[in-house]
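Below: the structure, in structure tokens.
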Amino acid sequence: FHVVSPGPCLQEGDAYCMRRVANSMCSLEKNECFCKPGYVSIQESYGITCKTLLTNLKCQVDSDCIHVVNSACHPGAGYCACPGGTIYVSQDNACRQSAENNQNPFCLKCRQANGVCYHYTSNQISNSNEMKRYKRYEYKDHKLIPFNSPVDVIFKEILQYS
């Protein structure tokens with residue numbers, strides 16, 4: 001396990017660690033913050049994060065991580081995780097490029113609804129029929145409601161923001 005935030009954390013416990021790195025906890029023995037079980041530390045451009053381990057299957061090389069698209073073998077943990085700059089998208093069972101810092105209206109509304117904003121490249125959606133499994137929402141009267149529009153309109157809007 002890798003230290004994700006130096007201590008001292010004993011006085012405050014896990015709350016100290018969670019304020020610094022989500023999904024981390026305080027080690028009573030070491031007085032430092034580590035990722036919780038089921039998570040692994042990944043270096044991002046802005047610092048260290050604790051990302052979900054994607055399977056309980058051991059790996060040695062990236063090609064062992066065939067169960068989740070675009071995942072990689074974490075060298076220290078020996079388990080598959082999403083690489084830095086990507087997030088796990090459950091409906092795709094894939095790691096996708098994160099757009100969490102994107103400030104466009106599409107991503108802002110998505111985050112307001114506790115959603116995750118991520119990028120698609122044109123080769124990840126081969127046709128508009130694949131879009132049928134995704135729903136589009138809008139705010140109306142301070143409520144998030146499904147927005148009914150033709151699939152090709154949603155597809156064009158997503159591509160506009162990619």
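Read-outs throughout are calculated quantities, based only on the coordinates presented, and are distinct from any laboratory measurement. Model, not experiment: these values are computed from the prediction. Virtual Cβ from ideal backbone geometry, glycine too; neighbours counted across all protein chains shown.
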With Rg and the Kirkwood Rh both taken from Cα atoms, where does Rg over Rh land for the stretch 53-96? 0.92
Measuring from label point to label point, each 7 Å out along Cα→Cβ, what is the residue 20 to residue 109 span in nm? 3.9 nm
Which FRET efficiency value, to the nearest 0.05, do you get for residue 52 and residue 12 by plugging their Cβ-Cβ distance into 1/(1 + (r/R0)^6) with R0 = 35 Å? 0.90
So how do 74, 119, 67 line up by other beta-carbon neighbours within 10 Å, fewest first? 67, 119, 74
Express in nm, to one decimal, how much length is gained between residue 45 and residue 28 on full extension, taking 0.36 nm for each residue of separation and deducting their alpha carbon distance. 3.2 nm
Set the Förster distance to 22 Å, then compute FRET efficiency between residue 36 and residue 66 from the Cβ-Cβ distance, nearest 0.05. 0.30
